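What follows is a short report on a single structure.
Values quoted throughout were computed directly from the atomic coordinates according to the rules given, and no laboratory measurement underlies them. Bear in mind that the values here come from a model prediction, so they are computed numbers and not experimental data. Glycine also receives a Cβ, built like all others from the backbone with ideal geometry; neighbour counts cover every protein chain displayed.
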Amino acid sequence: MKKLLRFIKPWRVPFVLGWMFKFFEAILELLLPIFMKEILNKGIPNQDKDYTFSMLWMIMLVSIAGLIFALICQYVASKTSQGVGAEIRSEMMRKISTFSYRELDQFGSSTLINRITGDVNNVQQAIAMTIRLVSRAPFLCIGSILLSFTIDPLLSLVFVILMPILGLLLYFFTTHTSKLYRAAQKKLDNLGVVIKENLSGVRVIRAFARWNTEKKRCDDTTEELSDAYIHVSRLAALSNPVTSILMNFGIIVILYLGGQAVNGGRLQNGDILALSTYATQLLLALVIVVNLIVLFTKAAASSVRINEILDTVPSLSFPEEPVAVSRDSKNIIEFQHVSFSYNGTEPALTDLDFSVKKGESLGVVGITGSGKTSLINLLQRFYDPNEGSVLLYGEDVRRYSQKQLRSLIGIVPQHSILFSGSIADNLRWGNAEATEEEMWQALETAQAKDFVENLPQTLDFVIQEGGKNFSGGQRQRLAIARALIKKPDILIMDDSLSALDFRTDLLLRQALKHNLPNTTLLVVSQRISSVADAKKIILLDDGEIGAIGTHQDLFENSEIYREIYQSQTQMKGKEA
């Protein structure tokens with residue numbers, strides 16, 4: 001929790017004010033038993049109506065003032081806790097945005113979502129309760145004991161005896177529940193993974209008739225989470241009744257001994273009422289303290305998970321003083337003896353060495369798992385190579401800023417992702433200042449103009465979550481248009497033509513050559529027809545360059561390339 005205190009600093013003024021108002025409310029609450037004692041000891045026995053009513057007025061005024069202080073504190077606590085939570089979430093999102101794919105793979109999207117939502121909520125609640133109750137509960141405990149000593153020191157010893165016992169119990173609950181909450185949060189992450197896989201893969205699950213299996217898997221994971229939370233909740237729930245039993249036992253002792261003291265003339269009825277009221281206040285304050293400890297235990301477990309993200313050092317760092325982009329180099333892309341591994345042992349790419357000139361088109365083909373996506377991930381610097389260098393315009397990509405790299409490269413991912421909003425909003429992801437004319441030009445190049453023109457609001461047509469109101473081919477063409485509108489120096493098509501038929505594929509490649517003659521096109525595909533007209537084709541085989549050259553060169557000299565081509569053309573012939 002200490003590391004998260006820096007987020008409270010901008011809110012320290014309302015934080016302190018909230019504490020003060022709650023502190024004043026606690027003082028006023030401690031005064032109420034004194035007024036009640038005065039009524040029973042003086043007002044009623046002496047039949048002094050004026051004195052009795054004056055005390056009643058004081059009780060009313062003190063109660064109203066306490067209510068006002070409590071409402072102000074509640075408002076300040078809510079505003080401060082929500083503000084701090086927003087700052088933590090913003091900082092976490094900023095941090096996550098600096099992660100390379102390696103850190104994203106390490107954490108996983110499900111646990112990141114849980115930490116940004118559930119864990120931050122736990123911290124928010126802890127901050128709100130700190131303002132609302134931390135100043136009040138301890139002061140009520142201490143104040144109740146001290147004021148009870150002013151009434152009768154002998155009976156007040158009951159509190160002194162009970163406090164160490166309660167302290168030991170609270171220590172026991174704190175140490176045990178903290179470990180259990182951390183374990184429960186991990187099980188919550190596991191449930192998030194299962195739910196995400198089931199929701200995103202619902203079509204596959206139904207296609208393979210695996211619904212009952214996945215339902216059982218989800219039920220088992222939910223059961224594990226339920227058992228974990230039930231276990232920790234049972235332990236935490238014991239704290240309240242144990243505290244209540246001890247304090248009620250103390251109240252019984254006070255009433256019993258106090259009754260004897262009244263009969264003996266040492267104390268009055270009002271004194272016993274005040275002592276029992278202070279005992280009740282102490283009981284309620286201790287119950288609050290117990291609940292706070294449980295809440296802070298959850299928040300402490302959550303803060304550890306939050307700090308794991310904030311303390312993670314990204315494996316990729318960008319220079320504070322990047323080199324300027326110089327387009328004088330004849331080669332726009334160069335891989336110089338590049339080797340790369342995801343897990344540090346099994347190589348995904350081995351000794352890649354090639355170059356691409358400006359305006360050239362490069363095709364990358366290979367069977368599944370040959371390293372095609374790994375190659376373009378290194379080019380965009382989502383990962384850094386273990387050996388060798390990746391160069392753009394003659395400079396190592398590690399010398400460019402992230403903004404420079406993203407401005408040079410446009411990518412159409414293998415799985416097209418559209419965001420909620422209009423078509424125009426999605427296109428402006430590529431160029432925020434794009435005009436309507438530029439949007440239509442990009443759509444025309446991407447072979448998407450025809451179906452967009454037939455939509456009710458054309459460019460203003462609203463895209464549903466994930467683009468579910470479009471077919472796979474339509475989503476793919478809109479994603480291509482989004483990349484084209486920024487007019488990048490390098491356009492990467494990561495197997496993004498697979499959702500297009502052969503005719504649309506051909507028309508798209510012809511339009512790219514005509515409308516973006518200066519853009520270097522890098523096409524990653526399993527379909528040789530999509531790369532056959534590229535000036536240079538790289539055949540990847542198990543992470544290595546199996547062959548490199550034109551389509552004709554590879555067809556004549558590479559047996560693997562020839563086999564892939566023949567299998568695909570035979571399939572094409574059967575389909576025809």
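Numbers at a glance
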{"read-out": "Label-to-label distance, nm, for residues given as E453 and Y75 (7 Å Cα→Cβ offset)", "value": "5.9 nm"}
{"read-out": "Rg ratio (alpha-carbon, reference 2.2 N^0.38 Å) - segment 1-123", "value": "1.77"}
{"read-out": "Residue pairs, from the table K403/K536; K330/K468; K95/K357, whose Cα atoms sit over 32 Å apart", "value": "K330/K468; K95/K357"}
{"read-out": "Projected label distance in nm at T550 and E224, using a 7 Å step from Cα toward the beta-carbon", "value": "5.7 nm"}
{"read-out": "Mean ellipticity per residue at 222 nm, deg cm²/dmol - from DSSP H runs of n ≥ 4 across the chain, formula -39500 (n - 2.57)", "value": "-20500 deg cm²/dmol"}
{"read-out": "Alpha-carbon radius of gyration plus Dmax, which is the widest Cα pair, for segment 463-548 in Å", "value": "14.0, 43"}
{"read-out": "Positive-end extreme of charge dipole, the chain - chosen from G549, V364, V16 (charges on Cβ)", "value": "V16"}
{"read-out": "Selection from A70, Q82, S54, by position along the positive dipole direction of segment 44-123 (Cβ)", "value": "Q82"}
{"read-out": "Amide hydrogen neighbours beyond the local backbone of T550, cut-off 5 Å, H modeled", "value": "I537"}
{"read-out": "With eigenvalues of the C-alpha gyration tensor scaled by 5 and rooted, segment 446-502, Å", "value": "20, 14, 11"}
{"read-out": "Amide proton proximity set for V523, modelled H, under 5 Å, gap of 5+", "value": "L362, G363, V364, M493"}
{"read-out": "For segment 257-402, the fraction of alpha-carbon pairs in successive 5 Å shells from zero, as %", "value": "2, 7, 10, 11, 10, 7, 5, 4, 4, 4, 4, 4, 3, 3, 3, 4, 4, 4, 3, 2, 1, 0"}
{"read-out": "Segment 150-194 - Kirkwood radius from inverse mean 1/r over Cα pairs (Å)", "value": "13.6 Å"}
{"read-out": "Nearest-20 debye value, segment 321-466 charge dipole, Cβ charges on Lys, Arg, Asp, Glu", "value": "360 debye"}
{"read-out": "Spin-label pair M20/S63, simplified geometry with 7 Å Cα→Cβ offset, distance in nm", "value": "2.8 nm"}
{"read-out": "Zero-based 10 Å bins, Cα pair distances in segment 124-170, whole percents", "value": "24, 39, 28, 8, 0"}
{"read-out": "Kirkwood estimate for segment 378-462, i.e. one over the average of 1/r between Cα atoms, Å", "value": "15.3 Å"}
{"read-out": "Between segment 531-545 and segment 358-417, the alpha-carbon center distance in angstrom", "value": "15 Å"}
{"read-out": "Per-pair calculated FRET efficiency, R0 = 25 Å: R89 and R6 via Cβ, rounded to 0.05", "value": "0.95"}
{"read-out": "Contour excess over end-to-end distance, with Cα ends at I367 and K186 and 0.36 nm allotted per residue", "value": "61.5 nm"}
{"read-out": "J(HN,Hα) series, segment 438-453, from Karplus relation 6.51 cos²θ - 1.76 cosθ + 1.60, nearest Hz, glycine and proline x", "value": "5, 5, 5, 5, 5, 5, 5, 4, 7, 6, 10, 5, 4, 6, 6, 4"}
{"read-out": "Extension gain (nm, one decimal) between T312 and K196, 0.36 nm per residue minus Cα-Cα", "value": "39.3 nm"}
{"read-out": "From phi via Karplus (6.51, -1.76, 1.60), per-residue ³J(HN,Hα) for segment 303-315 in Hz, x at Gly/Pro", "value": "5, 4, 5, 5, 5, 4, 6, 5, 8, 5, 8, x, 6"}
{"read-out": "Long-range amide H partners of L316 with built H, under 5 Å", "value": "S100"}
{"read-out": "Karplus (6.51, -1.76, 1.60) ³J(HN,Hα), θ = phi - 60°, over segment 69-76, in Hz, Gly and Pro reported as x", "value": "4, 5, 5, 4, 4, 4, 5, 5"}
{"read-out": "Proximal lysines to K22, defined as alpha-carbon separation beneath 27 angstrom and excluding residues fewer than eight positions away on the same chain", "value": "K2, K3, K9, K37, K79, K298"}
{"read-out": "Three-way shape label, segment 43-193, alpha-carbon gyration tensor, a/c 1.5", "value": "oblate"}
{"read-out": "Debye intensity ratio in log₁₀ form over the Cα atoms of segment 326-374, taken at each q of 0.13 Å⁻¹", "value": "-0.40"}
{"read-out": "Residues I113 and Q464, FRET efficiency given R0 of 22 Å [Cβ-Cβ distance, rounded to 0.05]", "value": "0.60"}
{"read-out": "Net lengthening on full extension, M163/D48 (0.36 nm per residue, minus Cα-Cα)", "value": "37.5 nm"}
{"read-out": "For the chain, diffusion coefficient by Stokes-Einstein and Kirkwood Rh (Cα), 37 °C, 0.692 mPa s, µm²/s", "value": "110 µm²/s"}
